[in-house]
1. Please indicate, with yes or no, whether at least one residue in region 194-202 is of a type outside the set (K, R), over 22 Å from R133 (Cβ atoms), in a loop (DSSP other than H, G, I, E, B) and touching a strand residue (DSSP E or B) at 6+ places or on another chain (Cβ under 8 Å).
2. Name the one entry in L74, L69, L49 that is modelled with pLDDT of 95 or more, over 23 Å from L251 (Cβ atoms), in contact with a strand residue (DSSP E or B) (Cβ under 8 Å, 6 or more places away or on another chain) and crowded, with 24+ Cβ neighbours inside 10 Å.
3. Restricting attention to region 249-268, which residues are assigned to a strand (DSSP E or B), out of contact with any Phe, Trp or Tyr (no Cβ under 6 Å at 6 or more places or on another chain) and either free of Cβ contacts under 8 Å to residues at least 24 places away in the same chain or crowded, with 17+ Cβ neighbours inside 10 Å (or both)?
4. Just give me the residues in region 547-594 being of a type in the set (G, A, S) and on the phi < 0 side of the Ramachandran plot, in sequence order.
5. Here is a list: A467, A447. Which entry is within 26 Å of A546 (Cα to Cα), surrounded by fewer than 19 Cβ atoms within 10 Å (Cβ to Cβ) and assigned by TED's automatic domain parsing to the domain that holds T403?
6. When you scan region 363-474 for helices (runs of 4 or more DSSP H) that lie fully inside it, which ones turn up with 3 or more residues that are among the polar types (S, T, N, Q) and free of Cβ contacts under 8 Å to residues at least 24 places away in the same chain?
7. Suppose the filter is modelled with pLDDT of 95 or more, on the phi > 0 side of the Ramachandran plot and in contact with a helix residue (DSSP H, G or I) (Cβ under 8 Å, 6 or more places away or on another chain); does G374 pass it?
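The values are calculated or read from the model by the stated rules, or taken from the named source; none is laboratory data. Worth saying up front: this structure is predicted, and the values here are computed from it rather than measured. We place every Cβ from the backbone using ideal geometry, glycine too, and count neighbours over all the protein chains shown.
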Amino acid sequence: MAPVDQIRPLTVAVCQFAPRKGDVAANLQRLGALCAEATAVAPAPQVLLFGETATSGYFVESAVREVALTAGALATELDEAYRTACADDGRPPVTIDVIVGFYERWQETLYNSAAYITIGLADGPPIVRHVHRKTFLPTYSLFDEERFVERGTNLRAFETPWGRAAMLICEDAWHSLTGTLVALDGAQVLFVLSAAPARGLHARDDGGPGPASVARWERLMRDLADEHGIFTCYANLVGTEGGKRFFGGSLVVGPGGDVRARAPIWDEHLLVATVDLDDLVRARSDAPLLADLRVALPHLLENLRAIRAREATPATWDGPEPAAADLLREARGELTGEWAVPDLTELAPPPVVDAPLPSRTIARTVVGLRDHGGPPSLAIDAALTAEWLTGFLREEFARRGRTKAVLGLSGGLDSAVVAALAARALGPEQVLAVRLPYRTSSEESLAHAQLVIETFGLTSRTLDISAAVDGYLALEPDADATRRGNVMARLRMIALFDLSAKLDALPIGTGNKTERLLGYFTWHGDDAPPINPIGDLFKTQVRALARELRIPSVIIDKPPTADLVAGQTDEGDLGITYAAADEILHWLLHGYSTEALVAHGFRRDAIHQVRRRLDHTHWKRRGPSVALVSNTAIGESYLRPVDY
């Protein structure tokens, strides 16, 4: 007789890697090599899971039709790449099931799909066992999927050589009903593929590594597993696409919601875990939620039918408990005969004792509107932020085929932070810090810029732009301070871009989010560089990051200034402190109205001041307005990410 607790081991591998944007052929070769690498591990996995859109990268926009494959073509090309990689290693291929996310062409329609394919068979071609087409297409915030692909409408579990599986793609898993459906369909292991960009710079509530979105995904995977008594395996991409950095953090979770294996954040990684499928029996015995659901399902479906039909459902309830009512009547002598009961005097309540009543005043907690609610805190995990932005710079430069950076070093906080990040990412010898003083620039600014150069060991150069600026302004002697400042900013960009061309380098921007939102920059001046690591950080967040990067305190603590006029400061120009402006902007960007901010304690005049600048400077954050006269307008219909 077989033992009651028979072990059914299943070894799964989860691979998080960074696909090359739009290069399907190269990605398929890489996937084949990774399959070969996984099968060389002991014990060899039966299943290997890759992330969403692993064949092309995620943010390809309208190039979906160029990178889309049929499932049959994907299976054939992946099998060939795998066999080639095994041959290069000098060993025969072994059979393995592979789950791959890809943009699919099916019945002349485009989908975001996942295929479950068996490759490396000794006696035949690869087998496509199932294709799941993403059901929930995010079209909000960073995402625009429904513009480029169609929705799938079928959600099922399916048979594999080792048992019954199901697949979900990214937002599919955010709707708990999807996990319920595949669990009811018999899924033992749920494979979730995602291309989830990192978001949330504040420290995680659970104290774990990585941005806030890592914790959110881990909670999703644990809840899916725990509620339904199934294993969940989660694969996320890594790498950077158009400024969005995928965080990895792939997982294997047991049917009790316990994390069995966890991959690191940011880096490529192969995670291999062996699990016991009999854990399903134990978990479902301990918490039979799925069994309860199967029993209740007919009633729930009837409720769903009534809800969809908008049928009236009058509230009903029972009247008084009959026995209790009769007992009360008999005690009053209203019942006789067979309903009579013995004398109830012994059940009479005890006599009332003359005791003082307790005070009506008790301890209380009163929570007002100002005490809760609002957007996430502006506080950041500075170490995480430094790691995140360093990786962003390193990956962006690699993607663009550059190893050197050029940046303008003003002696202020923002450029010092960017210089420190660039030195970490590329090496200080690869960063050219350029001081670009005008004749009215302060000696303090030059000295502080030199301090940053020496602190981080940067290469440097000083170019005095006075002659160039004065040469132009001699033709426009009536130019006011604003025009003069704009001329200086644009001439500085001319210098940085020219030096970049000379050195085969890339210029890096140094504008923070507060200045960008308030329009406190020169259009096609400060905002011109193609890469900006701090453009999504408020000024107060940049200051917190500066402390983590060990920027000299004399730079962190001094009042920010554009250094155009002696005594001029940014906050004096803006008429509000950065700390106050950051809080108001933060709330406005999260959708809170002026009245809501006032209710939470913000000053109305400060809100109006910030909102006026925000609303009147949208044009500075956009490209030029082009008259659209075709259906292939650049940036509207013809869309390609910057790094594609």
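1. yes
2. None of the others qualify; the one that does is L74.
3. Result: V252, V253, R260, A261, R262.
4. Step one: of region 547-594, the residues of a type in the set (G, A, S) are 553, 562, 566-567, 572, 575, 579-581, 591, 593.
Listed by number, the residues that qualify are S553, A562, A566, G572, A579, A580, A581, S593.
5. A447
6. Fully inside region 363-474 and qualifying: nothing.
7. no
Matching residues to (1) of a type in the set (S, T, N, Q); (2) part of a loop (DSSP other than H, G, I, E, B); (3) in contact (Cβ under 8 Å) with a residue 12 or more places away in the chain:
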position	(1), (2), (3)
S62	yes, no, yes
T76	yes, no, yes
Y82	no, no, yes
D97	no, no, yes
N112	yes, no, yes
N154	yes, yes, yes
